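What follows is one structure encoded as structure tokens, with my remarks underneath.
The values are calculated or read from the model by the stated rules, or taken from the named source; none is laboratory data. What you see is a predicted model, and the numbers here were worked out from it, not measured in a lab. Counting neighbours? That spans all protein chains shown, and the Cβs are built from the backbone with ideal geometry, glycine included. When the accessible area is computed, the model is the full protein with side chains, heavy atoms only, and any ligands, DNA or RNA have been set aside. Shrake-Rupley method; radii C 1.70, N 1.55, O 1.52, S 1.80 Å.
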Amino acid sequence: MSDVSMTVNGRQVSASVEDRTLLVHFLREHLGLTGTHVGCDTSQCGACVVHVDGMAVKSCSMLAVQASGSEVITIEGLAGMGDLHPVQAAFREHHGLQCGFCTPGMIMTAVDMIRRHPQGLDEATVRAELEGNICRCTGYHNIVKAILAASRTMAKAPKGRAKKAA
């Protein structure tokens, strides 16, 4: 057993977990944050993407003990004060989902992608960067549209709001 302590969605959490506990299972089973999905356990699908210290990470490929001391943001912690994050709003507006299983990972990946490309995105870049996220329902067309729209919205946002949104 290992003691882990981290900040998850702005809240300090601690627990004793088996050494082999994956971050995704810690989030879901110990903290009840079930928005982070388990799709494959082999880091193929991207349904489990969260942000660890500001970087997108597939939480099925990271041990909880490796995240100890880190700041973790899950899909539940992305929006603030009841408002949707600009990427969440764009997914809703552009119907970037169908069954919704991949949506949390897609959104978390998109937020990271937009952060890393503040000058803007094009369709080819979005499609290339989504390679690690699988959606079995859509042809990715509306997902790409949503990410491009969110990128434009976030680029126009006042600097303080854009930084908070990312």
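Would you confirm, using the coordinates I've provided, whether G35 is within 24 Å of A150 (Cα to Cα), in contact with a Pro (Cβ under 6 Å, 6 or more places away or on another chain) and assigned to a loop (DSSP other than H, G, I, E, B)?
Working: within 24 Å of A150 (Cα to Cα): yes; in contact with a Pro (Cβ under 6 Å, 6 or more places away or on another chain): yes; assigned to a loop (DSSP other than H, G, I, E, B): yes.
So G35 passes the test.
Scanning the range 8-21 for residues that are open to solvent by less than 40 Å² (accessible area, probe 1.4 Å) and under 17 Å from the mean Cα position of the chain (by Cα) turns up just one, V8. In the range 78-86, the count of residues that are assigned to a strand (DSSP E or B), buried (at least 19 other Cβ atoms within 10 Å of the Cβ) and free of Cβ contacts under 8 Å to residues at least 40 places away in the same chain is zero.
Yes/no matrix, rows are residues, columns are (1) open to solvent by less than 30 Å² (accessible area, probe 1.4 Å); (2) in a loop (DSSP other than H, G, I, E, B); (3) not hydroxyl-bearing (S, T, Y):
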| residue | (1), (2), (3) |
| --- | --- |
| P104 | yes, no, yes |
| T109 | yes, no, no |
| P118 | no, yes, yes |
| V126 | yes, no, yes |
| E131 | no, no, yes |
| I143 | yes, no, yes |
| A146 | yes, no, yes |
| A149 | yes, no, yes |
| T153 | no, no, no |
